[in-house]
Amino acid sequence: MISPDETSQISEINAELKRLNERMRLSLPKLLGVQFLRGVAFGLGSFLGATLVVSALIYSLSSINFIPIIGDWASQIAERIQTR
């Protein structure tokens, strides 16, 4: 059984959800603008993340030159990446 205190908390939550729902209703131009900005932010984040990962990979490959077989192979890969 639900106590009166829990009932009032549930009704407060319902009222807050209704207010949030009213705020979230956007017109079509606003919705398109928000989605466009989300796409730009996702693209920029993906580009920056890939740049950081590739640069860390190049750095780590260039720093393992002391291992005889892997070092030669890694330096060849690092040279090819840097020339392109």
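The values are calculated or read from the model by the stated rules, or taken from the named source; none is laboratory data. Bear in mind the structure is a predicted one, so any value in this text is a computation, not a measurement. In this analysis, Cβ positions are derived from the backbone assuming ideal geometry, glycine residues included, and neighbour counts consider all displayed protein chains.
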Review point. Could you give every pair whose Cβ atoms fall below 9 Å, whose first residue belongs to region 8-32 and is surrounded by 10 or more Cβ atoms within 10 Å (Cβ to Cβ), and whose second residue is modelled with pLDDT of 85 or more, counting only separations of at least 6 or pairs across chains?
Key: 26/33; 26/34
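Consider residue 31 carefully, then state whether it is under 22 Å from the mean Cα position of the chain (by Cα) and at pLDDT below 85.
When the stated conditions are applied, residue 31 passes them.
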Exercise for review: Can you tell me which residue among 80, 38, 19 is modelled with pLDDT of 90 or more, basic (Lys, Arg) and part of a helix (DSSP H, G or I)?
Suggested key: 38
